[in-house]
1. Sorted by accessible area (1.4 Å probe), largest first, how do VAL278, VAL252 line up?
2. Return a whole-number percent for the relative contact order of the stretch 218-284, with Cα pairs under 8 Å and 6 or more residues apart as the contact set.
3. Roll a 1.4 angstrom probe over the protein heavy atoms and tell me the percent of accessible area of the stretch 245-337 that is carbon or sulfur.
4. Let me cross-check ILE272: its accessible surface, 1.4 Å probe, with only protein heavy atoms counted, in Å² to the nearest 10?
5. How do the peptides 279-285, 188-194, 198-204 rank, highest first, by the average count of neighbouring beta carbon atoms within 10 Å per residue?
6. Just to verify a number: what accessible area does ASP254 come out at with the full protein assembly present, 1.4 Å probe, Å² rounded to tens?
7. For the stretch 287-331, report the accessible area per residue in Å² (1.4 Å probe, heavy atoms, rounded to an integer).
8. Could you run the Karplus curve 6.51 cos²θ - 1.76 cosθ + 1.60 with θ = phi - 60° over the stretch 298-309 and give me ³J(HN,Hα) per residue in whole Hz, x for Gly and Pro?
Amino acid sequence: MDQLMAYLDQANAILTENFGELGPLLIIGVLGMFLILLTLPILLRKEKDPLDRIREAAREVETTDKDGKKKAGLRRGNGRKDKLSKYSNFLEPQNEEEYSAVRLKLLQAGYQSKDAVRTYHFLQFALGILFLVIGVIYAIYSSATGEPTTQNLVLSILIPGAVGYMLPKYWVTKRQQSRQEEITNGFPDSLDMMLVCVEAGQSLDQAIIRVSKEIKAGYPSLAHEFEIVSHEIKAGKDKVAVLRDMAERAGVPDVASFVTVLIQSASFGTSIAEALRVYAGEMRDKRVMRAEEKANTLPTKMTLATMMLTVPPLLIILIGPSVYGIVQTLSNSQMSF
């Protein structure tokens, strides 16, 4: 026992000499983190629930056609085996409201894959662990080269981990905002083009296909939404449900209002061309109002920059000669004394 305590004291002295007073604590933290990373796969490797097996069998059930040939049913993920599917209980939110909110946000950001939620949470977890390890390495290096305080060490470990965890959320939010802005800017032009197509004799479905092809170069996100609408209508889905899904995926009030106008026009039997003409005019006026609003806020934003760049040179030009003359007078008076 005495020999073991001597070895421990010697190891403690070596760690304190190389890494500072917190050297043993940092080494224990690193070892604990590696043990957590090693045990995570064991904890995540759960026995499959029998109910889950029944659900998978129901999804993958084979149907027999008239000729007696077996035809595989629809399966999640188009039949491909996802590597993260075994960790779905850990990576995906179990609360239905939380899952729906994350799913809707990813849809509005342009990530429409069935595994988008799982991949999103996996990236949060992986980047959080990676940046946390980088923070631990930096803390060990800083303690070896200097004597940082305990607060600085803790912050240097926790802040990178928090940044890595929040990085996917920030990226998705920026993608969502840029996509919604693109849809808002291109929607009036698409309505004008759709109105021209409808008045030329095309149906609404043909007009949507034509518009999606024409605006793909300038507004690819909006063109992709129109393509999804055209494909779902061709597949036989209800037109009202298709339009409402488009409004939900876009997340733009103008698109939601447009969908409401089309649904009401189809319900009451009014002319779609007339409804498009009125709504397209409103969208053009709304775009002009948005441009005027940005133009009106421009002088307010330029006030601070104008003051910082104009007032100091003006003061130097006006007061500089007077200050120089006063300094020269004071220096001459001191020399005369």
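1. The ranking, largest first, comes out as VAL278, VAL252.
2. 20
3. 70
4. Accessible surface of ILE272 is approximately 60 Å².
5. Details: 279-285: 16.7, 188-194: 20.4, 198-204: 14.0.
Highest mean packing first, the order is 188-194, 279-285, 198-204.
6. ASP254 exposes around 10 Å² with every protein chain in place.
7. Spelled out: the 1.4 Å probe surface of the stretch 287-331, per residue, equals 88 Å².
8. Karplus-based 3J(HN,Hα) across the stretch 298-309 equals 5, x, 5, 5, 7, 4, 4, 5, 5, 5, 5, 8 Hz.
The values are calculated or read from the model by the stated rules, or taken from the named source; none is laboratory data. Note that this is a predicted model, so its numbers are computed, not measured. So basically every Cβ, Gly included, is an ideal-geometry build from the backbone, and we count neighbours across all protein chains shown. All accessible areas refer to the heavy atoms of the entire protein, side chains included, with ligands and DNA or RNA removed. Shrake-Rupley method; radii C 1.70, N 1.55, O 1.52, S 1.80 Å.
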